[in-house]
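Some notes on the structure that comes next.
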Amino acid sequence: MRTFHKSRLPHILPIGAMFFVTYRLADALPQSIVKNLQEELAEEIDRIKKEKQKDWSLQVLNAKKRYFGKFDKQLDEEPYGKCYLKIPEIAEIVKESLEKWDDKWYDLLAYCIMPNHVHVLIDTSTQLGNQDGRIWTEEELEDKYVQLDKIMKRIKGSSARYINLALDRKGTLWQKDSYDHYVRNEREWRNILSYILENPVKAKLVKHWKDWPYSYYK
């Protein structure tokens, strides 16, 4: 089965995979911090590849996870920007944009809408058959399968339009890049689900994840 690769890491997108995605408001982090984190990751990956060890791919994966950990810690512990998503009306727009494509392009498994970013877990295997239950051929997949980057473009594009209208603002709302990770096994799935639901607790916004109004899991 084909795997699509985007030009910037980390973006390995197997067809029909489960994905953990984090996307943020454009002003959620100072560009200096983003640049430093990206350069740090690139340098570590270059070092790993040059060493040519047998488990280099696992080391790269772990490096990306550490990068995400530092990135998300900045979003949670040092909120930056206008944090529009803490406004109930705006969070509701994001919620609707995520739920709109549920059972169509993906199975929406979980999400958490934080003040300046969003975590979401989706399963795109729902696209691998048609209404008659027949599995698509390779040619049909090529023509009909909606890749993750297109899914995220639609989610972010539609929500940005309505949020800008609600706030009477213009300009870029979401950061162009998103962090995405395809889930490899059940253990990862459980860890990611816990991570998403516990994010508001870790950020000290609530004492229990169920108290956060914009957390969800199926």
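Here, each number is a calculation from the coordinates, and none is a lab measurement. Fair warning: this is a prediction, and the values are worked out from it, not measured in the lab. Cβ sites come from the backbone with ideal geometry, for glycine too, and all protein chains shown count toward neighbours.
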Inset, instruction - Between TYR23, TYR182, TYR67, find the one with the highest GNM mean-square fluctuation for the chain; connect C-alpha pairs within less than 10 Å. - result: TYR67
Inset, instruction - Could you run the Karplus curve 6.51 cos²θ - 1.76 cosθ + 1.60 with θ = phi - 60° over the range 201-218 and give me ³J(HN,Hα) per residue in whole Hz, x for Gly and Pro? - result: 5, 4, 7, 6, 8, 9, 8, 9, 4, 5, 7, 7, x, 10, 10, 8, 8, 8
Inset, instruction - Send over the Kirkwood Rh of the chain, from the inverse of the averaged 1/r over different Cα pairs, rounded to one decimal Å. - result: 18.5 Å
Legend entry - Relative contact order computed over the chain (Cα-Cα under 8 Å; 6+ residues apart), in percent: 32 percent
Inset, instruction - Answer rounded, prolate or oblate for the range 29-80, using the Cα gyration tensor with square roots of eigenvalues a ≥ b ≥ c: rounded when a/c is under 1.5, else prolate when a/b is larger than b/c, else oblate. - result: oblate
Legend entry - Sorted by Cβ density within 10 Å, fewest first, the residues ASP211, ASP177, ASP123: ASP211, ASP177, ASP123
Legend entry - For the range 103-120, 3J(HN,Hα) per residue [Karplus equation, 6.51 cos²θ - 1.76 cosθ + 1.60, θ = phi - 60°, Hz, x = Gly/Pro]: 6, 10, 9, 6, 9, 7, 8, 6, 7, 8, 9, 8, x, 10, 7, 9, 10, 9
Legend entry - Rounded to whole Hz, the Karplus (6.51, -1.76, 1.60) HN-Hα couplings of the range 70-81, x for glycine and proline: 5, 4, 5, 4, 4, 5, 7, 8, 10, x, 10, x
Inset, instruction - With 23 Å as the limit, write out which pairs from LYS35/LYS204; LYS170/LYS218; LYS65/LYS176; LYS70/LYS202 have Cα-Cα distances beyond it, or answer none. - result: LYS35/LYS204; LYS170/LYS218
Legend entry - Sorted by Cβ density within 10 Å, fewest first, the residues CYS83, CYS112: CYS83, CYS112
Legend entry - Rough spin-label spacing in nm, given labels placed 7 Å along Cα→Cβ, for ASP107 and TYR80: 3.8 nm
Legend entry - Least to most buried among LEU148, LEU58 (fewest other Cβ within 10 Å first): LEU58, LEU148
Inset, instruction - Determine the gain in length on full extension of the stretch THR126-ILE33; use 0.36 nm per residue of separation and subtract their C-alpha separation, reporting nm with one decimal. - result: 29.8 nm
Inset, instruction - Would you give the gap between the C-alpha center of the range 26-44 and the C-alpha center of the range 67-128, rounded to a whole Å? - result: 20 Å
Inset, instruction - Report, by chain and number, residues whose modeled amide H sits under 5 Å from the one on ALA26, excluding near sequence neighbours (fewer than 5 apart, same chain). - result: TRP174, GLN175
